[in-house]
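Engineer: Here it is, the structure, as C-alpha cells.
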RNA sequence: GGGCGAAUAGCUCAGUUGGUUAGAGCACCUGCCUUACACGCAGGGUGUCGGGGGUUCGAGUCCCUCUUCGCCCACCA
C-alpha cells in the first residue's frame with residue numbers, strides 16, 4: 001500500500017486488494033496526520049486574535065496517569081474525537097486538549113501496593129522517599145494511555161498535553177487556594193468527617209459512597225444511675241461506639257421519656273454516668289425513640305453534641321482500632337483495648353449480652369459508606385480539615401444551568417444537577433496523603449496560619465522564622481476542577497491559549513463524575529474567570545455487557561479496545577461505539593463474542609473500501625472533470641436523485657450533530673436539546689453511502705460508464721463527487737478508511753488531508769419531480785423483485801411487466817435497461833396478454849402487471865390479492881367512519897381532514913382496482 | 001425517606017408540538033459466488049406500544065393509578 005499522503009497513482013483501483021488493510025494503513029495515516037500538524041490549534045487563526053475562525057475547544061476528561069485504556073475510555077474519547085473532527089472540517093480552529101490526572105489517592109494506592117510487595121509501608125520509606133518513588137513510577141509507566149488513544153485515532157493536539165501535577169498546573173492549584181483563602185471561602189473546620197482507615201485520609205462526601213447492606217440493630221438498655229431497675233433502651237448499629245457515648249437524647253415532646261430528661265444513666269461497658277438530654281433531632285418513631293450520642297464518631301451526634309456543649313471523646317484510632325485516643329481516659333475496657341473496630345463490635349455485643357444489657361438484636365437494612373477507592377467501610381471521625389464554602393460558588397453555577405448558559409444532555413441530568421446544588425455542602429479538600437499538591441499554608445511559632453503563593457522564609461504576620469507547612473495535600477479533584485482554565489494557562493492573564501480557547505465548548509463525560517468534577521469545574525470557571533467553562537455537557541452512557549453489568553476488571557467482563565483495534569481495526573471499534581450511542585443510552589457489548597459487536601463496523605469499512613475500489617477501477621487512468629464544471633443540464637435522472645439524496649444526508653448529519661454552539665451565549669429553549677444524536681448521524685451517513693449510493697446509484701451508472709462519451713464523463717464526475725462527500729460525512733466516525741480512500745480519489749493532492757478537508761454543505765433544493773421519478777423506478781424494481789421472490793421465479797428466468805401508458809410508463813421505458821438488469825424484467829407499455837398475472841400497485845399508484853404463464857398457480861395470486869383487498873377494505877371502512885363522524889370534521893384541523901379525504905379517494909380507487917382484478921382473475 | 005427517569009419486535013433502541021396501515025439496526029429464515037464487495041446481494045415475519053382507568057373526534061404520545069426496573073440525593077441512630 002502506498003503512503004496515504006501521496007497523490008494516488010492513476011488506476012490505483014486495479015491494484016487494490018478486496019479488503020482494507022487497516023493494520024498497515026492505520027499507523028501510516030496517523031503518522032501523516034501528525035507530520036502535517038493536522039491537529040494543532042493556533043490561537044492566531046481564531047476570531048479572538050483577528051483570524052477568521054471560531055474556536056472550538058474540547059478538554060479531555062484527564063484519565064488517571066496510571067490508567068490503561070479500557071473500553072469506557074474508548075467510548076468517551078471516540079465521542080470527543082467525532083465532535084472535534086467534525087468541527088475541524090467545518091472550519092473551526094479546533095483544540096482538543098489532552099492530558100492526565102495525577103490522581104492522588106488512586107496513584108498513591110497503586111504505589112503502596114507495589115511497596116507492600118517489598119514488605120514495606122509508605123511509613124517505612126518516609127514521605128520524601130515515597131513521593132520520589134511515586135514520581136519515578138509515574139515517569140516510567142504513566143501516560144501510556146495517551147499513546148493508546150492515538151491508536152484509536154484520537155485527534156488531540158498532543159503538543160499541549162497537560163498533567164495536573166505539572167509545575168504549571170500546580171501553580172494554578174496554589175493560586176486558586178490562596179485566592180479562596182483571601183476571600184474567606186476556605187476555612188479550617190473541626191468536625192466529624194469521613195475517614196478511610198485503610199487509606200488513612202479523610203474523604204469528601206462524594207468520595208464516601210453509599211452501599212446498601214444487611215446489618216443488625218442492637219437494642220441496649222442503659223440503666224438509671226439512681227434506680228438501676230429503671231432505664232432507657234436505645235437502638236444502635238454500632239455498639240462498639242458506646243464507649244464514646246456522652247449522652248442519651250430523646251425528643252423533647254416524647255411523653256415516654258419526658259420524666260427522665262435531666263437524669264443520669266450508667267453507660268454499659270464503661271460504668272460512667274451520662275445525662276439524658278432532649279433534642280428535636282431525635283425521631284420518636286425510629287427504634288426506641290432514644291438515641292445514644294457519640295459526638296466524635298457520628299456527624300449528626302457531633303451537631304447534637306455541639307448544641308449541648310458535650311464532651312467529644314475519641315475511641316477509635318485512625319487505623320480503626322479501639323483505644324483511648326482523645327479525652328477517653330477510663331472509657332476503654334481492657335477486653336476491647338486495641339481491637340479492630342469490627343472485632344470490638346463482636347466482643348462488645350458478647351459483653352453486653354453477658355451483663356444483661358443487650359435487649360434484642362434486629363435485622364436492619366441500611367446504607368454504609370465506603371471509600372470509593374478501596375471500598376473500606378468509612379469511619380466517621382472528629383478531625384481538623386480544610387473546607388471550601390460551596391454555597392457562594394454554587395450560586396452562579398446553578399443559575400447558569402437554569403437560564404440556559406449551560407445545557408446538560410440528556411436533559412434529565414439538569415434536574416439531578418439542580419437538586420444536588422440546591423442542597424450542597426462544604427467540600428473537604430484536605431487529604432492526609434503524600435501524593436498530591438501540598439496545602440500551601442504555613443504556621444509560625446506564634447500560631448499564625450497563612451496561605452502563601454511562594455514558599456515563605458518568615459511569617460508574613462509577625463516575621464517569625466519558625467515556620468511549619470501543613471502536612472496535608474489537596475483532594476485530587478481540587479486540581480481537576482481547574483482543568484478548563486489551568487490547561488489553558490491560568491493564572492497567567494496573558495496566556496494566548498486562554499484568550500483564544502476559553503471558554504471551551506463541549507464537555508464529554510460520564511454521569512458518575514457530574515458532582516466530583518463537572519459541577520466543580522463550573523464553580524471554578526465562574527469564581528476565577530467569571531464565566532462558564534463550557535456551554536454543553538454531554539453525559540454519555542456506560543459500556544455494559546449483555547447482562548447489563550458495567551464492564552470492569554474485577555468482573556472479568558471487559559473488552560480491550562486495543563485487542564479490537566488489532567482484530568477489526570480502529571474504525572470498526574469507533575463505528576460500533578458511535579452507532580450505538582443513543583443520547584444517554586448505555587452501549588451493550590458482548591465480551592464473549594467480539595464478532596457480534598465489531599464485525600458490522602469492519603464490514604462497513606470493507607463496503608466503503610469496495611465502493612472506492614469500484615470507482616477507481618472505473619476511473620482508470622483518465623482524469624475526471626471536477627463536479628463544479630459539469631453542466632447541470634447534462635445531469636441524468638439518477639444523477640439528480642443521488643445529488644438530492646446527498647443533500648438530504650448532509651442535512652440529516654448536521655441535524656444529528658446539532659448546533660456547535662449557542663448563538664448568543666444562551667441556549668434558547670427550542671435549541672436546548674438539539675444535536676449530539678451521534679447514532680442518528682451515523683445512521684444517516686451509513687444509509688446514504690450504502691443504501692443509496694452503493695445499492696442504487698452505483699448500479700444505475702454502471703451501464704453509462706461502459707461507453708465513452710460526454711455522459712460517461714458526467715457519470716464519473718458525479719460518482720466521484722458524491723463518494724468524496726460520503727467519505728467526508730463519515731470521516732469523523734471512521735477516520736482511517738475514509739482518509740485512505742480519499743487520498744486515492746482523482747483530484748487528490750499531495751499533502752491535502754481529509755482530516756482537514758471541508759465538511760460538506762448542501763447544494764440546495766433539487767427538482768422534486770426528478771427525484772420522484774427515480775423513486776418510481778426504485779419502487780417498480782422493488783415490487784418486481786418482491787413478486788419474483790414470492791413466486792419463486794428462478795434468478796436467471798426473465799419476466800415481463802406491463803404498464804398502462806402515461807408519465808410513469810415513460811420513466812420505466814426510458815430506464816428499461818436498469819429495470820432489466822436489477823429486476824431481470826422487460827417493461828412493456830400496454831395491456832398484458834390474458835391469463836394468470838401478478839399485480840403490483842406501487843405506492844405512487846402506478847400498477848404493474850406481470851404475466852405468470854407457466855410460472856405459478858392462479859390460486860396463489862388470488863389469495864394474495866384477496867388478502868390485500870381485505871386489509872385495504874378494513875382500513876378504508878375505518879377511514880370512512882372517521883370521516884362520517886361530524887365531531888371529527890368539525891374539530892380536527894382542516895389540513896388533517898383534507899388529508900384524510902384525499903386518502904379516502906385514493907384508497908377507494910385502489911380498492912376498486914383490486915376488486916376488479918379479483919373478479920377477472922379468480923371468479 | 002426525597003427527587004428523577006424508563007417500560008414499544010427475540011436483542012438494543014427511534015417514534016418531534018396527540019393525526020395515515022408504529023419504524024431502524026442487529027439477530028433469525030429463504031434464495032443467490034448477478035466479476036466493487038459472500039466482511040456481499042436479493043427477498044421475508046415478527047408487536048394486546050408493561051396492567052388498569054381517564055381526557056379527546058382521535059392516545060405509543062397527555063392525565064391518574066398500579067406493577068417492574070434503573071439512576072441521583074439523604075443526618076432513620
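Engineer: Are there any pairs with C-beta distances below 8 angstrom linking a residue in the range A:683-696 that is more than 18 Å from residue A:821 (Cα to Cα) to a residue that is in a helix (DSSP H, G or I) and within 8 Å of RNA strand B (Cβ to nearest atom), with the two at least 6 apart or on different chains, and if so which?
Structural biologist: A:683/A:579; A:686/A:579; A:686/A:604; A:689/A:607; A:689/A:611; A:690/A:604; A:690/A:607
Engineer: When the range A:607-624 is examined, which residues are found to be within 7 Å of RNA strand B (Cβ to nearest atom) and either outside any helix (DSSP H, G or I) or modelled with pLDDT of 90 or more (or both)?
Structural biologist: A:607, A:610, A:611, A:613, A:614 - these are the residues of the range A:607-624 that are within 7 Å of RNA strand B (Cβ to nearest atom) and either outside any helix (DSSP H, G or I) or modelled with pLDDT of 90 or more (or both).
Engineer: Hey, could you check the range A:281-338 for residues that are closer than 12 Å to residue A:245 by Cα, within 45 Å of the chain's Cα centre (by Cα) and away from RNA strand B (no atom under 14 Å from the Cβ) and say which is surrounded by the fewest Cβ atoms within 10 Å (Cβ to Cβ)?
Structural biologist: My answer is A:314.
Engineer: If you don't mind, there's one more thing I want to ask. Tally the residues that are within 29 Å of residue A:675 (Cα to Cα) and either touching a strand residue (DSSP E or B) at 6+ places or on another chain (Cβ under 7 Å) or crowded, with 17+ Cβ neighbours inside 10 Å (or both), restricting the search to the range A:569-599.
Structural biologist: Residues that pass the stated criteria total 21.
Engineer: What's the number of the only condition in (1) within 10 Å of RNA strand B (Cβ to nearest atom); (2) in a helix (DSSP H, G or I); (3) surrounded by fewer than 22 Cβ atoms within 10 Å (Cβ to Cβ) that residue A:604 fails to meet?
Structural biologist: Unmet condition: (3).
Engineer: Would you point out which residue out of A:772, A:796 is assigned to a loop (DSSP other than H, G, I, E, B) and modelled with pLDDT under 85?
Structural biologist: Of A:772, A:796, the one residue that is assigned to a loop (DSSP other than H, G, I, E, B) and modelled with pLDDT under 85 is A:796.
Engineer: Checking residue A:354 against (1) touching a residue at least 60 places away in the same chain (Cβ under 8 Å); (2) out of contact with any strand residue (DSSP E or B) (no Cβ under 6 Å at 6 or more places or on another chain): exactly one of these is not met. Which one?
Structural biologist: Every condition holds for residue A:354 apart from (1).
Engineer: Taking the condition under 30 Å from residue A:811 (Cβ atoms), surrounded by fewer than 21 Cβ atoms within 10 Å (Cβ to Cβ) and free of Cβ contacts under 8 Å to residues at least 12 places away in the same chain, does residue A:633 pass?
Structural biologist: yes
Engineer: Can you confirm whether the range A:831-840 contains a residue that is at pLDDT 80 or above, near RNA strand B (Cβ under 9 Å from one of its atoms) and either exposed (fewer than 14 other Cβ atoms within 10 Å of the Cβ) or at negative phi (or both)?
Structural biologist: Within the range A:831-840, none of the residues are at pLDDT 80 or above, near RNA strand B (Cβ under 9 Å from one of its atoms) and either exposed (fewer than 14 other Cβ atoms within 10 Å of the Cβ) or at negative phi (or both).
Engineer: Could I ask something else about it? Check the range A:779-793 and report whether any residue there is outside any helix (DSSP H, G or I), touching a residue at least 24 places away in the same chain (Cβ under 8 Å) and more than 12 Å from RNA strand B (Cβ to nearest atom).
Structural biologist: no
Engineer: Restricting to the range A:394-411, what's the tally of residues that are more than 16 Å from RNA strand B (Cβ to nearest atom) and touching a strand residue (DSSP E or B) at 6+ places or on another chain (Cβ under 6 Å)?
Structural biologist: 0
Engineer: Within the range A:872-882, how many residues turn out to be closer than 14 Å to residue A:906 by Cα and either near RNA strand B (Cβ under 7 Å from one of its atoms) or loosely packed, with under 13 Cβ neighbours inside 10 Å (or both)?
Structural biologist: 4
Engineer: Here is a check on your reading of the model: is residue A:572 assigned to a helix (DSSP H, G or I), at pLDDT 85 or above, in contact with a helix residue (DSSP H, G or I) (Cβ under 6 Å, 6 or more places away or on another chain) and on the phi < 0 side of the Ramachandran plot?
Structural biologist: Against the criterion (assigned to a helix (DSSP H, G or I), at pLDDT 85 or above, in contact with a helix residue (DSSP H, G or I) (Cβ under 6 Å, 6 or more places away or on another chain) and on the phi < 0 side of the Ramachandran plot), residue A:572 qualifies.
Engineer: Further, regarding this structure: Given the residues A:189, A:143, which is the only one that is in contact with a strand residue (DSSP E or B) (Cβ under 8 Å, 6 or more places away or on another chain), closer than 21 Å to residue A:105 by Cβ and surrounded by fewer than 17 Cβ atoms within 10 Å (Cβ to Cβ)?
Structural biologist: After ruling out the rest, the residue left standing is A:189.
Engineer: Would a scan of the range A:74-97 turn up a residue that is under 30 Å from residue A:471 (Cα atoms) and touching a strand residue (DSSP E or B) at 6+ places or on another chain (Cβ under 7 Å)?
Structural biologist: no
Engineer: Among the residues that make up the range A:645-654, is at least one of them over 25 Å from residue A:20 (Cβ atoms), surrounded by fewer than 21 Cβ atoms within 10 Å (Cβ to Cβ) and more than 16 Å from RNA strand B (Cβ to nearest atom)?
Structural biologist: The answer is yes; a qualifying residue exists.
Engineer: Exactly one condition in (1) surrounded by fewer than 16 Cβ atoms within 10 Å (Cβ to Cβ); (2) within 16 Å of RNA strand B (Cβ to nearest atom); (3) touching a residue at least 12 places away in the same chain (Cβ under 8 Å); (4) under 30 Å from residue A:795 (Cα atoms) is false for residue A:908; which is it?
Structural biologist: (4)
Engineer: Then there's this: Hey, can you tell me all the residues within the range A:362-376 that are part of a strand (DSSP E or B) and away from RNA strand B (no atom under 13 Å from the Cβ)?
Structural biologist: A:371
Engineer: Sticking with this structure for a sec: Let me spell it out: the conditions are (1) under 28 Å from the mean Cα position of the chain (by Cα); (2) surrounded by fewer than 17 Cβ atoms within 10 Å (Cβ to Cβ); (3) modelled with pLDDT under 95, and residue A:159 meets all of them except one. Which number is the exception?
Structural biologist: (3)
Residue by residue, here is whether (1) surrounded by 24 or more Cβ atoms within 10 Å (Cβ to Cβ); (2) modelled with pLDDT of 95 or more; (3) more than 24 Å from the chain's Cα centre (by Cα); (4) in a helix (DSSP H, G or I) holds:
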residue	(1), (2), (3), (4)
A:74	yes, no, no, yes
A:96	yes, yes, no, no
A:110	no, no, yes, yes
A:115	no, no, yes, yes
A:120	no, no, yes, no
A:123	no, no, yes, yes
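Engineer: Checking residue A:200 against (1) under 30 Å from residue A:122 (Cβ atoms); (2) buried (at least 22 other Cβ atoms within 10 Å of the Cβ), which single condition isn't satisfied?
Structural biologist: (2)
Engineer: Could you list all residues from the range A:412-425 that are surrounded by fewer than 17 Cβ atoms within 10 Å (Cβ to Cβ) and more than 8 Å from RNA strand B (Cβ to nearest atom)?
Structural biologist: Correct list: A:418, A:422.
Engineer: Within the range A:883-901, can you find the residues that are in a helix (DSSP H, G or I), more than 46 Å from the chain's Cα centre (by Cα) and within 9 Å of RNA strand B (Cβ to nearest atom)?
Structural biologist: Within the range A:883-901, A:886, A:887, A:889, A:890 qualify.
Engineer: Residues that are part of a loop (DSSP other than H, G, I, E, B), more than 15 Å from RNA strand B (Cβ to nearest atom) and under 26 Å from residue A:179 (Cα atoms): does the range A:542-557 have at least one?
Structural biologist: Scanning the range A:542-557 turns up no residue that is part of a loop (DSSP other than H, G, I, E, B), more than 15 Å from RNA strand B (Cβ to nearest atom) and under 26 Å from residue A:179 (Cα atoms).
Engineer: Have a look at A:498, A:482 and point out the one that is without any contact (Cβ under 8 Å) to a residue 40 or more places away in the chain, away from RNA strand B (no atom under 16 Å from the Cβ) and surrounded by 19 or more Cβ atoms within 10 Å (Cβ to Cβ).
Structural biologist: Exactly one residue qualifies, and that residue is A:498.
Engineer: Let me ask something else. Quick check on residue A:507: is it surrounded by 16 or more Cβ atoms within 10 Å (Cβ to Cβ), in contact (Cβ under 8 Å) with a residue 40 or more places away in the chain and in contact with a strand residue (DSSP E or B) (Cβ under 6 Å, 6 or more places away or on another chain)?
Structural biologist: yes
The values are calculated or read from the model by the stated rules, or taken from the named source; none is laboratory data. These figures come from a predicted structure and were not determined experimentally. In this analysis, Cβ positions are derived from the backbone assuming ideal geometry, glycine residues included, and neighbour counts consider all displayed protein chains.
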